[in-house]
Amino acid sequence: MDVLDLPSFLWLWRIAAWAMGLTIAAYLIQAVTGSGLLLGARWVRSLHIGTGIAIAVLVLILLGIGIVGTLGHYGSLGHSSHLWSGLAVVELVFLSAWSAVQIPNQPWARSLHIGVNFLLCLGLIWVSITGWQVVQKYL
């Protein structure tokens, strides 16, 4: 028996779906604007920073929804690999943000930032696949 009546949480799953879609869209904008920055297009800097902040906020929203939904359904965490893929994405997003702040003063930070964001692409793919598997359990 479920701890919470999850169909009543449909609004929560809709928020998660929108947040994940927006996260992926913002990541793609990040890739384009980041490439522009590497090519010297300084006008994209504000857009790059803004979408980076948006990704950080969206990932925290997704983390909160995942915790509430999983605890609500199972009463505990760790029932699928989605937890680990989600936590990996959260860590990569904040490592990316930290490395971005280091770029003006630390020459090594740009390489770290780019490498982390490549891993973040893989992480977003992994978390999308495991998230779809979780959704299939609820349907």
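Laboratory data are not the source of any read-out in this text; all were calculated from the coordinates shown. On a predicted model such as this, the values are computed, not experimentally measured, just so you know. Please note: Cβ atoms are built from the backbone with ideal geometry, for glycine as well, and neighbour counts cover all protein chains shown.
Key figures for this structure:
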| quantity | calculated |
| --- | --- |
| Integer Hz, Karplus 6.51/-1.76/1.60 couplings in order for region 78-90, x for Gly and Pro | x, 8, 7, 6, 5, 4, 6, 5, x, 5, 5, 5, 4 |
| Assigned charges on the beta-carbon of Lys, Arg, Asp, Glu; the chain dipole about Cα centre (debye) | 420 |
| Spin-label pair LEU122/ILE15, simplified geometry with 7 Å Cα→Cβ offset, distance in nm | 3.2 |
| Quarter of Cα convex hull surface for the chain, i.e. mean projection, nm² | 8.4 |
